[in-house]
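The values are calculated or read from the model by the stated rules, or taken from the named source; none is laboratory data. Fair warning: this is a prediction, and the values are worked out from it, not measured in the lab. Don't worry about glycine lacking a Cβ; one is built from the backbone with ideal geometry, like all the others, and counts go over all protein chains shown.
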Amino acid sequence: MRMLTIGAFARASRLSPKALRLYDELDLLRPARVDPETGYRYYTPAQLERARLVAWLRRLGMPLARIREVCALEPTAAAAAIRAHWAGVEAETAVRRDLAAFLVDHLSTPSRKDTPMLELRYFAHSDRGLVRPANQDTAYAGARLLAVADGFGPAGGPASGAAVEALRFLDTDELPAGDVLNLLQEAVQGATEAVHDVADDTEHNGTTLTALLWTGSRLALVHVGDCRAYVLRDGGLFRITHDHTVVQSMIDEGRLTPEEATSHPQRTLLLKALGTDAPDLALRDAAAGDRYLLCSDGLPRAVPDALIRTVLSDARDPDEAARTLIAEANARGGHDNVSCVVADVVEAGV
């Protein structure tokens, strides 16, 4: 069998000898032979394809541990894994892009004297539905804080309640826009600890959480799990959260269509919950006339987005919108708890 020295293999693969030694230590790319006396590494030409794949994945910014997993897959599964990784990169980049835009705007225009003062008008309602024996959702709306949590497991109800209760102090404090994401992240850590206090077995008990925090001109979003947040703006309905579920990951990888996901047997399986992974954080500009909806997954599982848009467009106020959406979910079987928080962005004093 033809052998290449580490130097020749490095030139052919465009990897440095130092990188090849590292990949050997990490079990990413073992040499075909190591001289027992000199320790010199030798490779075969057949290993060039894997070496190039490792190099390409490193250029994508994929962690070495994940590269090892991808390299062990057959080509179709490896392609799906790379697609999923890149979808995650794009989602994280979008969050950083929004934060960068906010910081540029915040630092460029420190004075907003000519900007109309905005405020929220809001309503929250939660319903057990027609099938479940108990309501494990918690919904809250205040002048600054909007939140929905959906508990799971025997202690799901106390878990969702504890998570939202731990955020309620944010509803009374003045919030400087420049610090709001850090403040929200710290509050979420407190919510995680509160959930652990009421649900000792956090492997089988927990909660999702989606919340919006109002600064007076912007909304800070925190999201983990499969509750959702939407905004109705200029007649269009836009979802501003990304489900952390098995079926959503399959949609992202191209293995499932959104239509197929609605009846998939794993549609309720979560990939993230409060405390298991870092939540999504983002800042959003608000405009007078916006109508925001936060809801547990019981709503979109029963009511299609087209009808959600119609109800939000037609309802006179947040109270009517929330109650109508819950009634629509129950009219379609009420198979799950359903919670809705609706808030309108309006000019203060109007």
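Odds and ends about this structure:
- Scanning segment 60-87 for residues that are out of contact with any helix residue (DSSP H, G or I) (no Cβ under 8 Å at 6 or more places or on another chain), under 19 Å from L256 (Cα atoms) and touching a residue at least 12 places away in the same chain (Cβ under 8 Å) yields A80, W86.
- Sub-7 Å Cβ pairs linking a first residue in segment 1-29 that is of a type in the set (S, T, N, Q) to a second residue that is at pLDDT 85 or above, at least 6 apart or interchain, are T5/Y42; S13/L48; S13/A51; S13/R52; S16/A10, ordered by first then second residue.
- Residues of segment 310-329 that turn out to be under 18 Å from T262 (Cβ atoms) and in contact with a Gly (Cβ under 8 Å, 6 or more places away or on another chain), as a count: 1
- Of the residues making up segment 24-36, one or more are modelled with pLDDT under 90, outside the structural domain of V89 (by TED's automatic domain parsing), surrounded by 14 or more Cβ atoms within 10 Å (Cβ to Cβ) and in a helix (DSSP H, G or I).
- From G225, G216, residue being on the phi > 0 side of the Ramachandran plot, buried (at least 22 other Cβ atoms within 10 Å of the Cβ) and in the same structural domain as E119 (by TED's automatic domain parsing): G225
- Test: residue in segment 181-196 that is among the acidic types (D, E), more than 21 Å from the chain's Cα centre (by Cα) and at pLDDT below 95: no
- Qualifying residue in segment 172-191 (condition: more than 28 Å from I308 (Cβ to Cβ), of a type in the set (V, I, T) and out of contact with any strand residue (DSSP E or B) (no Cβ under 6 Å at 6 or more places or on another chain)): yes
- Residue list for segment 131-167, restricted to those being among the β-branched types (V, I, T) and part of a helix (DSSP H, G or I): V164
- Some residue of segment 121-142 being at pLDDT below 85 and of a type outside the set (F, W, Y): no
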